[in-house]
Amino acid sequence: MSEIIRFRNVTYSYSKGTPFEKKALDDVSFSVETGDFFGIYGLSGSGKSTLLRLAAGLAKPSSGQIILRENAKVGLVFQFPENQLFGASVIEDVMFGPSNLGLAKDNAKDRAQLALNQVGISEKLFDRSPFSLSGGEKRRVAIAGILAMETDVLMLDEPLAGLDPEGQDDLCDLLQKLNKEGRTIIVVSHESEILGNGCKNAAVLEAGKLKDTGSAKDVFKRNPAFAPVSSRIKSRLACMGIDI
Ligand SMILES: Nc1ncnc2c1ncn2[C@@H]1O[C@H](COP(=O)(O)OP(=O)(O)OP(=O)(O)O)[C@@H](O)[C@H]1O
Ligand SMILES: [Mg+2]
């Protein structure tokens with residue numbers, strides 16, 4: 001499998017050269033393969049969101065490089081993306097991205113419809129105001145907005161935060177489906193959650209430094225605090241001699 005994104009010695013400081021300078025990332029190096037479902041874990045303030053912002057091209061590393069496979073497009077779904085919906089209707093909101101890429105209206109609409117189908121938003125909702133949707137539906141629409149730009153890598157910052165358990169399950173299933181269809185997924189999380197079960201590979205950040213990376217199974221074993229809840233319960237029971 002080929003590499004789609006490589007972080008090479010990435011360092012980033014906020015407010016560089018001022019008394020408020022803050023090093024958020026410090027010499028971070030790892031790579032993500034095409035088709036991966038990659039989890040980035042770390043405590044609050046460890047630099048996860050900063051890393052995604054850099055990968056999305058919203059800021060440049062202070063030093064080091066982020067190397068994308070040729071022509072690869074990267075899309076970022078921010079934390080609580082539903083707060084950024086603004087279209088008069090669901091379909092118009094999702095059309096915004098492709099229209100901005102210069103696509104004709106019909107083309108942008110086709111892409112928006114496809115993306116909304118992919119995230120399981122029924123056509124009945126296309127003409128509704130996005131603000132009238134449920135929290136889970138709004139989040140799906142926000143994800144469709146990125147999918148409609150046909151990005152190769154879909155990055156999501158804390159995608160399950162604030163959803164109820166059912167909404168979390170549904171969104172996990174959706175991300176798994178998008179990954180099976182060939183999209184590379186990178187998710188950021190600061191707490192153990194069901195999403196970890198779907199990760200193939202993972203990295204852990206600690207105070208801006210890369211603490212660990214490898215297969216998700218190995219990373220969770222070495223960093224049990226970030227292991228998905230089910231595997232933590234399993235290992236606790238195994239310690240008590242109960243094998244499930
Ligand atoms: N705009 C900013 N100006 C100055 N410092 C910032 C800014 N944004 C983030 N930081 C600092 O950079 C560090 C990394 O922040 P970042 O948001 O990347 O962490 P995170 O791992 O995403 O945390 P969380 O899990 O709470 O979302 C933190 O110490 C944070 O205070
Ligand atoms: Mg964050």
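The values are calculated or read from the model by the stated rules, or taken from the named source; none is laboratory data. Note that the structure is predicted; figures quoted are calculated from it, not measured. Using ideal geometry, Cβ is built from the backbone for each residue, glycine included, and neighbour counts are taken over all protein chains shown.
For the range 187-201, the candidate set comprises residues that are buried (at least 23 other Cβ atoms within 10 Å of the Cβ) and over 21 Å from Glu137 (Cα atoms); within that set, the residue that is modelled with the lowest pLDDT is Gly196.
Is it the case, given these coordinates, that Asp110 is farther than 15 Å from Gln84 by Cα and charged (D, E, K, R)? Yes, satisfied. With respect to (1) under 17 Å from Gly196 (Cβ atoms); (2) touching a helix residue (DSSP H, G or I) at 6+ places or on another chain (Cβ under 6 Å); (3) not β-branched (Val, Ile, Thr), the lone exception for Lys138 is condition (1).
Does Ala55 satisfy being closer than 28 Å to Ala161 by Cα and within 15 Å of ligand 1 (Cβ to nearest atom)? Against the criterion (closer than 28 Å to Ala161 by Cα and within 15 Å of ligand 1 (Cβ to nearest atom)), Ala55 qualifies. When Ala142 is tested against (1) part of a loop (DSSP other than H, G, I, E, B); (2) within 21 Å of Leu76 (Cα to Cα); (3) modelled with pLDDT of 90 or more, just one condition goes unmet, and that condition is (1). Of Ser99, Ser62, Ser89, all but one fail to be over 27 Å from Val188 (Cα atoms), at pLDDT 95 or above and small (Gly, Ala, Ser); the exception is Ser89. Out of Gly45, Gly17, Gly39, one residue alone is out of contact with any strand residue (DSSP E or B) (no Cβ under 8 Å at 6 or more places or on another chain) and within 16 Å of ligand 2 (Cβ to nearest atom). It is Gly45.
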